[in-house]
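Everything below concerns the one structure shown next.
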Amino acid sequence: MSFTMTEGGFGVGDYVAFGLLCTASCAGGVWYSAIGSRTKAVVDIRDYLLGGRAMSTFPVAMSLIASYVSGVTILGTPAEIYNYGTQYWLVVVGVTMSCVLVASVYLPVFCTLRLSSSYEYLELRFNRHVRALASVLFLLDEVLFLPMVVYVPALAFNQLTGFNVFAVGGIMVAICGIYTVLGGLRAVVWTDSVQTGVMFIGVLLVAAAGTIAVGGFQTVLNVASESGRLDLNNWNFSPYERQTGWGAVVGGFLYWTCFNSVNQTMVQRYIALPSKKKAIAALAIFCVGAILAITLCVWCGLAAWTAWVRGGCAESGKPIVDDRLLPAFVTYVAKVQHLPGLAGVFLAGVFGAGLSSLSAVLNACALVVVEDIMHGWLRLRLKPLTEGILARLFTATLAIVSVVMLVVIEKLGGVLGVATALSAVAASATCGMFSLGMACWWVGPRGAAAGALAGALLAATASLGTQAAAARGLRAPPRALGLHCTNATYEAAIPLDPETIFPLFRISYHWIAPLGLVATLSVGALVGWFFDNQRDIKMDAELFTPAVWRFLPSEAHEHAGETRRNLVNKITESPAPSSPLIIGQGVDKIEMNGEPSR
């Protein structure tokens, strides 16, 4: 049977499997929505946004995975592999390096200070205006990213069933919005746990059934090897090549660090755990889960490629294919293997990934608006009931905006590259601000703000420029088709000479986040050195990462713990521990709320 990329269709068994799994995955959200909609829960804004800081490790780890292993990863990665080979898989090395860096550099600061929002750190280290700048960048970033999260599952559903993309997106947002608006972080985390499990089941079944359908594990490896799609030896330093080893490892490392380290959707879950040890454990589980998810998606791309080659290299399936690849391959496998319900399970996994990412972002945005914009920048504090209602109203509004913006997303192609490029703009700038604050003790508010603006401007210019060039027809050609497909050739739809495009607009999406991060750090460090008043910079060793403690001025060690004690006194109006957390080995034995561990 030929694989033509035109496969589709949804049977009764698929609808049953999809309905049962989606209902099960949302059950926890419905339960916590019922609890969260009570008057007491509406009033307790901290419990709504942070889950009472008493969440369990494994559910939080699953929620971390769900935050960034979305439908974009599930649909975008196989298409990337199908077109360009497995070089992208090396991003798992970058993911691992990123998690190690986050655990050793950024996480200790957040765990020590016990903040409600990651951006609150910027006010403690710099001032409230820097905090507001980072918060606005985050919100703009999520406004761009949310429609992508909604569009991918809606696109898969459209291809398999024929339902309108906008109708499916609206239903998806309505389901997710209800339990996120009413249930808060508890509903999000527990629902994410189940949905992440469904996602893994769906992708794993597709990978296993697809491998069997095309002739087995060795067949996939042989076909991929003969066509050059197993080649991992491209270590070209050129930033213009879409996939290289350096781009996947270094670019992937810096891109994932920008998100894992300081992004509110991640930090919000770290600080929802009661101790630093549990936060690191959750981060380790996230690392393993992310690597497994990426690897499974890579294998699905190779299996789909094998199916196309062994099926005769049909014209409609030749590279460059778009993000409809995996839904078509799932339908192909279901027909070849006579597996009714497989498409339903797969679609439930894609929906679960999309719903979990959507709910994670919506909840994080609500926290940023209340804690960072209202409390931190505007100094506006309302009655708890009013704040609880406003947080929910903002969540609902953002959900509606994500559906409206599907009109724009539908015009773009290659969601993996687009999502990476657009979301890297704010992520690189905010990560740079935190890195300046935690590592560069001479940088003050001027340096942080100048660096962030420079990084965001450069990354935005590169990102929007590359998308404009892609819209004009500039796309990297796929890898060679191999000896099995001599009858098929790739021709660009709109021939475009790359030399006619400004060099900055030709760089690979892997390098946009590093570009913004380097610009933020360079400009921020220089401006801070020459223009920040050193006497006004707060010197407290706990505001800096343990990696630079030995280099800090003596004043920082003398005032170690003052910021944290002031925060504790302000919140509890009770004496805080007199000894700073950074002395000796005590930091590993102290819970994040300042009380001794048991």
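From the square roots a ≥ b ≥ c of the eigenvalues of the alpha-carbon gyration tensor of the range 249-325, which class results: rounded (a/c under 1.5), prolate (a/b over b/c), or oblate?
Cα axes put the range 249-325 in the prolate bin.
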For this session: Give the accessible area for PHE18 in Å² (nearest 10); use a 1.4 Å probe, count only protein heavy atoms, and leave out ligands, DNA and RNA.
Result: 30 Å²
Exercise. Under the classification rounded if a/c is under 1.5, otherwise prolate if a/b is larger than b/c and oblate if not, where does the range 291-367 fall, given a ≥ b ≥ c as square roots of the Cα gyration tensor eigenvalues?
Worked result: prolate
For this session: Using a/c under 1.5 as the rounded threshold, could you call the range 186-268 rounded, prolate or oblate? The axes a ≥ b ≥ c are square roots of the C-alpha gyration tensor eigenvalues, and prolate needs a/b larger than b/c, oblate otherwise.
Result: oblate
Problem set entry | Probe 1.4 Å, accessible area per residue of the range 298-372, Å² | 20 Å²
For this session: Could you compute the FRET efficiency for PHE217 and GLN337, with r as their C-beta to C-beta distance and R0 at 22 Å, rounded to 0.05?
Result: 0.90
Exercise. Ordered by packing density, taken as the mean number of other Cβ atoms within 10 Å over each peptide's residues, highest first, how do 434-441, 115-122, 319-326 rank?
Worked result: 115-122, 434-441, 319-326
Problem set entry | Separation of the VAL100 and PHE237 label points, Cα + 7 Å toward Cβ, nm | 2.4 nm
Problem set entry | ARG550 versus SER316: modelled label distance in nm, points set 7 Å from Cα along the beta carbon direction | 6.4 nm
Problem set entry | Size of charge dipole - the range 276-428 - debye, nearest 20, with Cβ of Lys, Arg +1 and Asp, Glu -1, no other charges | 420 debye
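Just the number, please: carbon plus sulfur as a percent of the accessible area of the range 264-411, 1.4 Å probe, no ligands or DNA/RNA counted.
70 percent
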Seminar exercise, completed: 1/(1 + (r/R0)^6) with r = Cβ-Cβ of LEU292 and THR500, R0 = 51 Å, i.e. FRET efficiency to nearest 0.05, evaluates to 0.75
For this session: Identify the residues of the range 519-537 with backbone N under 20 Å of a label point that sits 7 angstrom from the Cα of LEU457 along the Cα-to-Cβ direction, or state none.
Result: 519-532
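The values are calculated or read from the model by the stated rules, or taken from the named source; none is laboratory data. The shown structure was predicted, so the numbers you read here are calculated from the model rather than taken from an experiment. Positions of Cβ are generated from backbone atoms using ideal geometry, with glycine treated the same way; all protein chains shown enter the neighbour counts. For accessibility, only protein heavy atoms count, side chains too; no ligands or nucleic acids. Shrake-Rupley method; radii C 1.70, N 1.55, O 1.52, S 1.80 Å.
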